[in-house]
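Inspection log for the structure reproduced underneath, given as structure tokens.
The values are calculated or read from the model by the stated rules, or taken from the named source; none is laboratory data. Keep in mind that what you see is a predicted model, and the values were worked out from it rather than measured. Note that we place each Cβ from the backbone using ideal geometry, even for glycine, and neighbour counts take in every protein chain shown.
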Amino acid sequence: MATPPPPGPQRPEGQYPPPGLPPYPHTPSPQGAAPYGPYQQGPYQHGPYTGPYQPWGQGYSPYNRPAPFNGLAIAALVLGVLCFLPAVGLVLGTVALVQIKKRGERGKGMAVAGMVLSSIGVVLLALVVATGGARDFWDGFREGAGGGSAFSLHKGECFDAPGGALEGVAYDVDVVPCAGRHDAEVFAEARAYGGSYPGDSAVSDQAGDMCYSLTDTYAMDGWAVPDDVDVYYFTPTRQSWSAGDREITCMFGSADEHGTLTGSLREDATTLDADQLAYLEAVRVLNRAMDTAPDEEYVEDDLPGHKKWATRVAGALTKQAGLLRGHTFAPAASERVAVLVEDLERSRKEWAKAAAAPDADTFYAHYEKALKLLDPEKTVTTRKALGLATTPPKGDEGGGAGSGGEDGTGIEV
């Protein structure tokens, strides 16, 4: 855009010398010509001074170059649009406005827009943190990027699985109150071990071993666990394992394909009184020793293994009797507990004799006497006095958690 000439007569470039310079030598104009006319090409045109100014019609160069944009204003707008580090975008926008005012730079609109968008981002970020949306976002990101678990369950929570299935692959569950009907109840959390993914079968074996060993830490009274309840578990997938997922979630569920649970199975220090807790802690010592029986079912096939097992059981009975004697039970239960301790002592002696048996027949003779003294029916009156369940589990036939079965199944997440 051309700049208009100033008012007044126009003078060609170089028409007059600038102030402070000596006048050019006078040369008469050609005859008949007007001296110093507005468009006269006189001798001054080629004099020693050439003015620094361009003709008026072309304008001054400073006005042809637009003011630069402020860099911080641009950065503030970008951060505001992307909602990335909104607080930083707000600060940059504020600093940009100050610089623009001082330097005469452009970009005020971008700075203001960046500040507005960044302010909105700050508000949204605060809402995400306050409502737990950040964790949901991270879980979703892990699921999409690495195939990781899309949900996390904790000990004591009950939930419904999609379609009621506790096998296969799960992407989400609905947490529900344990008092009502539900598909499963979480009783423990564990972590798998290993560097590279060991394979589906190996991970499932780890989960089974860990979960079964933890059942009596949550449901301490195995008699209170229904016979149709089994152990299930969530395990990492190959994809989530590569993203660092090692979480194993142990849970109780109905062994019936379409069955559900009602009410919590939790029986531990959070729900039991002191007498109940002392009794069940002593019982757990014996139960864990009994679970270490040799893989060989018949004594003839592994007499040394069965003798070592009998030694472990005898030691557990000694410890169990000591725990029961060391606790002061309420009068209503103390007498029954004392009778039970006598049976435990007699059974311990038979287990000790079985551990020293020279052959399988001798082992069987003492083993059978020891088991009769540990007949579950002998503990019913003691349990009744303590307010515990009085119906013995069905043993291996039930296949449930209360029976110590090991038929649990897993589900990958």
Hits in region 299-324 (condition: farther than 13 Å from V285 by Cβ and of a type outside the set (S, T, N, Q)):
V299, E300, D301, D302, L303, P304, G305, H306, K307, K308, W309, A310
Can you confirm whether region 188-200 contains a residue that is of a type in the set (K, R), more than 30 Å from L388 (Cβ to Cβ) and surrounded by fewer than 19 Cβ atoms within 10 Å (Cβ to Cβ)?
yes
Selection within region 150-169 - in a loop (DSSP other than H, G, I, E, B), more than 14 Å from G259 (Cα to Cα) and modelled with pLDDT of 75 or more
S152, L153, H154, K155, G156, E157
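Is it true that Y233 is touching a residue at least 24 places away in the same chain (Cβ under 8 Å), within 30 Å of S334 (Cβ to Cβ), assigned by TED's automatic domain parsing to the domain that holds D172 and within 24 Å of the chain's Cα centre (by Cα)? Reasoning before the result, please.
Working: touching a residue at least 24 places away in the same chain (Cβ under 8 Å): yes; within 30 Å of S334 (Cβ to Cβ): no; assigned by TED's automatic domain parsing to the domain that holds D172: yes; within 24 Å of the chain's Cα centre (by Cα): yes.
Judged against the criteria, Y233 is not a match.
Evaluate region 196-208: report whether one residue or more is within 27 Å of L265 (Cβ to Cβ), among the acidic types (D, E) and touching a Phe, Trp or Tyr at 6+ places or on another chain (Cβ under 9 Å).
Initial filter on region 196-208 (within 27 Å of L265 (Cβ to Cβ)): 203-208.
Still in the list and also among the acidic types (D, E): 205.
Those left that are additionally touching a Phe, Trp or Tyr at 6+ places or on another chain (Cβ under 9 Å): none.
Scanning region 196-208, I find no residue that is within 27 Å of L265 (Cβ to Cβ), among the acidic types (D, E) and touching a Phe, Trp or Tyr at 6+ places or on another chain (Cβ under 9 Å), so the answer is no.
Tell me the residue from G114, G104, G93, G80 that is surrounded by fewer than 16 Cβ atoms within 10 Å (Cβ to Cβ) and at pLDDT below 75, please.
On the way: G114 fails: surrounded by fewer than 16 Cβ atoms within 10 Å (Cβ to Cβ); G93 fails: surrounded by fewer than 16 Cβ atoms within 10 Å (Cβ to Cβ); G80 fails: surrounded by fewer than 16 Cβ atoms within 10 Å (Cβ to Cβ).
After ruling out the rest, the residue left standing is G104.
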Can V283 be described as β-branched (V, I, T), under 19 Å from T390 (Cα atoms), at pLDDT 95 or above and not assigned by TED's automatic domain parsing to the domain that holds Y212?
yes
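Per-residue answers, yes or no, for (1) within 18 Å of T237 (Cα to Cα); (2) at pLDDT 80 or above:
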| site | (1), (2) |
| --- | --- |
| G148 | yes, no |
| A184 | no, yes |
| R191 | yes, yes |
| S196 | yes, yes |
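Identify the residue in region 166-180 that is in contact (Cβ under 8 Å) with a residue 24 or more places away in the chain and either touching a Pro at 6+ places or on another chain (Cβ under 6 Å) or surrounded by 14 or more Cβ atoms within 10 Å (Cβ to Cβ) (or both) and, among all such residues, is nearest to S240 (Cα to Cα). So that I can check it myself, show each step before the final result.
Narrowing region 166-180 to residues in contact (Cβ under 8 Å) with a residue 24 or more places away in the chain: 166-171, 178-180.
Subsequent filtering for residues that are either touching a Pro at 6+ places or on another chain (Cβ under 6 Å) or surrounded by 14 or more Cβ atoms within 10 Å (Cβ to Cβ) (or both) retains 166, 170, 178.
Working: L166: 19, A170: 13, C178: 29 Å.
It comes out as A170.
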Could you go through region 327-350 and let me know if any residue there is more than 30 Å from D275 (Cα to Cα), surrounded by 17 or more Cβ atoms within 10 Å (Cβ to Cβ) and free of Cβ contacts under 8 Å to residues at least 24 places away in the same chain.
no
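Yes or no, residue by residue, for (1) aromatic (F, W, Y); (2) farther than 24 Å from E335 by Cβ; (3) out of contact with any Lys or Arg (no Cβ under 8 Å at 6 or more places or on another chain); (4) in the same structural domain as P294 (by TED's automatic domain parsing):
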residue: A354; (1), (2), (3), (4): no, yes, no, yes
residue: D359; (1), (2), (3), (4): no, yes, yes, yes
residue: H366; (1), (2), (3), (4): no, yes, no, yes
residue: T382; (1), (2), (3), (4): no, no, no, no
In the same structural domain as A170 (by TED's automatic domain parsing) and among the acidic types (D, E) - does that describe any residue in region 249-260?
yes
Hey, can you tell me all the residues within region 221-244 that are assigned to a loop (DSSP other than H, G, I, E, B) and under 17 Å from K394 (Cα atoms)?
D221, V225, P226, D227, D228
Within region 282-307, how many residues are assigned to a helix (DSSP H, G or I) and under 16 Å from D361 (Cα atoms)?
8
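Among the residues of region 255-279, how many are farther than 15 Å from L344 by Cβ and in a helix (DSSP H, G or I)? Working first, answer last.
Quick first cut of region 255-279, residues farther than 15 Å from L344 by Cβ only: 255-277.
From what's left, in a helix (DSSP H, G or I): 274-277.
Count: 4.
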